[in-house]
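For reference, the structure discussed in these notes is given below.
Readers should treat all values here as calculations from the given coordinates under stated rules, not as data from a laboratory. Predicted model only: the values in this text are computed from it and were never measured. FYI the Cβ positions are ideal-geometry reconstructions off the backbone, even for glycines, and counts take in every protein chain you see.
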Amino acid sequence: MAAYRIRSPQVVHESVAGEVVAIDFATGSYFSLRGPAESLWTALSGEEARPVDALAPAAGEAADTSQVAAFLDQLVEVGLLERSGEAAADAAGETGTGGLAFEHFTDMEELILLDPVHDVTDAGWPNATS
Amino acid sequence: MTVHELLDRCRQAWDHAVATPGASITERRLRIGGRPVLLRAVDGVADALRSPLAHLEVDDATAAPCLTIHAWATPGAGTVLDLDRAGLPATDQLRIAGADACLMAWPEHGLVQGFRRGTAVDHGDEAFWWVPGVEDLPLFELAMPFRPIAHWWGTAVGLQMVHAAAVGTSEHGAVLLGGVSGSGKSTTALWALTSDRLRYLGDDYVLVDPEVPEVFSLYATAKIHEPDQARVPHVRAEVVGRQEEDKLVAFLHRSHRDRIVERLPVTALLLPRVGGDGPRFRPVDAGEALRRLAPSTVLQFQGTDPGPALAALRRLVQAVPAFDLALGHDPSATPAAVEDLLASHRP
């Protein structure tokens, strides 16, 4: 069974007033998750990857387990989550994602592209990351 | 080399610069984020970078500085720090961080900025700013010098640099104007200069103490795209240094010194957007406020762990009300609307 975790430290996130704001530093994309999607995200918090069966209850009546899996696979596709194990057999095709949805914003991506910053590796200066 | 080894090399280069026969050292005392900061600069560096920070200069020489910035212009940063060996495009930036220290380099400009927290022996935090010469400084340093240093030091002392404009009154506090470039926050802040009551703290970056919350001015400059100059005719911007695209810089300390203030409590957060039938305010919840305020700040973050910055912004949006601001077509109408909002929301 697939297990999922938030792609840290590349993704940072905060939850306030029932909305998760998640920012992906690799791409400059940022995301909003509200309602049951926010609850599902909160269930993901922590270092350990969590299997779909353990996460699905967080979505409540908004989605069944297969729909939760399809939604989580969408979050993997956009870079927010990492997955171990096989993706759901039908990611948001026929299954759909029930009442789970997110918004994806790309208007900040140019900040990453125009001023790239390279962090130095453990090998020390002047060895930079690729 | 580790970041501390690099900073030690910067220190050695500074010591060498000040010991050079004929070198003159200028000291300027500033108050940044409400705290004493000492700028020590060799030869013409202090004058080259004076205008953006001139409104923060203070005469008090008794307070021990919380931060000392050493700034000098001599060739050699590229060689001493091996900037050429990272194997990256010269236009890209390099960053190395360690415990309570950070250094960044702009190989294209030969610019290096570094910061480290003081030890018990040193008493204060220190920073280094090193370029080959002041004749060809990049626009971003002429308009907003030491920004990474201010960010790193601010983070260390509990202040968050925010990509936002800020205007306000002494009676009712300030609004932060957050959002992406082009949302109208800079134009709105510059039109506040025409108001008898509103005062200006910044148009692009400010320091915020999210626990109070309070906003601190950082730069008395504004960058204006040449096509937008007509929208702010009361502000005269000029070509500075090597012209970059169509960007001009207005040095507000020269023309509007009496309209700039150092600090104000934060009363509200405004999220402007161009167009609409305005100026008109619509309350937004903290989630929308964070989503519209945070990304441009956090994605320009120049430290290595943006999590605390996002958490600080979350605390800020939980502390003050937030409003979408439809600007309408007449920017001259906005100052009065902002004054009214401040008066009606100051606790």
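Secondary-structure-derived ellipticity at 222 nm for the protein assembly as shown, considering helices only, amounts to -7000 deg cm²/dmol, per-run term -39500 (n - 2.57) for DSSP H runs with n ≥ 4. Across chain B, the relative contact order, built from alpha-carbon pairs under 8 Å that are at least six residues apart, equals 16 percent. Residues of chain A were split at every exposed loop site, defined as GluC sites (Glu not before Pro) in a DSSP loop with at most 11 other C-beta atoms within 10 angstrom, and the longest piece left, sites excluded, is A:1-46. Across the options B:Pro308, B:His253, B:His234, the greatest Cα extent toward the positive end of the charge dipole of segment B:226-343 (unit charges at beta carbon of Lys, Arg, Asp, Glu) belongs to B:Pro308.
Put simply, the amide H of B:Glu214, placed in the peptide plane, has neighbours under 5 Å in B:Asp209, B:Val266, leaving out anything fewer than 5 places away on its chain.
Counting, for every residue in B:93-104, the Cβ atoms of other protein chains within 10 Å of its Cβ and taking the mean gives 3.
Hey, what angle do you get for helix A:65-77 against the long axis of chain A, alpha-carbon based, 0 to 90 degrees rounded to 10? Result, in degrees: 20. Backbone phi angles across segment A:104-111, fed through the Karplus curve with coefficients 6.51, -1.76 and 1.60 (θ = phi - 60°), yield HN-Hα couplings of 10, 10, 10, 6, 9, 4, 5, 4 Hz in residue order; Gly and Pro are listed as x.
For the pair B:Arg282 and B:Asp228, the difference between a 0.36 nm per residue extended length and the Cα-Cα distance amounts to 16.8 nm. Annotation: amide H-H contacts under 5 Å for B:Glu126 (H modelled 1.01 Å from N, sequence separation of 5 or more, or interchain): B:Thr68, B:Arg116, B:Gly118. In segment B:231-347, Cα pairs under 8 Å separated by at least six residues give a relative contact order of 35 percent. Taking Lys and Arg as +1 and Asp and Glu as -1, the other residues whose beta-carbon sits under 9 Å from that of B:Arg291 total -2.
Can you pull out the chymotrypsin sites (Phe, Trp or Tyr not before Pro) in segment A:6-114 whose DSSP state is coil and whose Cβ has at most 13 other Cβ atoms within 10 Å? Passing both the DSSP loop test and the Cβ count: no residue. Which of the GluC sites (Glu not before Pro) found in segment B:103-173 are in a DSSP loop and have at most 12 neighbouring Cβ atoms, other than their own, within 10 Å? Answer in residue order: B:Glu135, B:Glu171.
Assuming charge only on the beta carbon of Lys and Arg (+1) and of Asp and Glu (-1), the dipole of segment B:84-242 about its Cα centre is about 240 debye to the nearest 20.
Under the shape rule built on the C-alpha gyration tensor, where the axes satisfy a ≥ b ≥ c, segment B:231-347 is oblate, since a/c reaches at least 1.5 while a/b does not exceed b/c.
Backbone amide hydrogens, once placed in the peptide plane, bring B:Gly202 within less than 5 Å of B:Ala166, excluding anything fewer than 5 places away on its chain.
The antiparallel fraction among DSSP beta bridges confined to chain B stands at about 70%. What the phi angles of segment B:271-279 give under the Karplus curve with 6.51, -1.76 and 1.60, with θ = phi - 60°, is a coupling list of 10, x, 8, 6, x, x, 9, x, x Hz, glycine and proline written as x. Among beta bridges identified by DSSP and lying wholly in the protein assembly as shown, the antiparallel ones come to about 75 percent. Separation of segment A:23-62 and segment B:22-70, taken as the distance between their Cα centroids, equals 47 angstrom. For the protein assembly as shown, the dipole from Cβ point charges (+1 on Lys and Arg, -1 on Asp and Glu) about the Cα centre works out to 1360 debye, to the nearest 20.
Here chain B is scanned for trypsin sites (Lys or Arg not before Pro) in DSSP loops (not H, G, I, E, B) that have at most 14 other Cβ atoms within 10 Å, and the longest stretch holding none of them is B:1-235. The mean number of Cβ atoms from other chains found within 10 Å of a Cβ in peptide B:277-288 is 2, as a whole number.
Looking at segment B:263-328, the DSSP beta bridges with both ends there are about 55 percent antiparallel. For the pair B:Arg117 and A:Asp53, label points projected 7 Å from Cα toward Cβ lie 4.5 nm apart.
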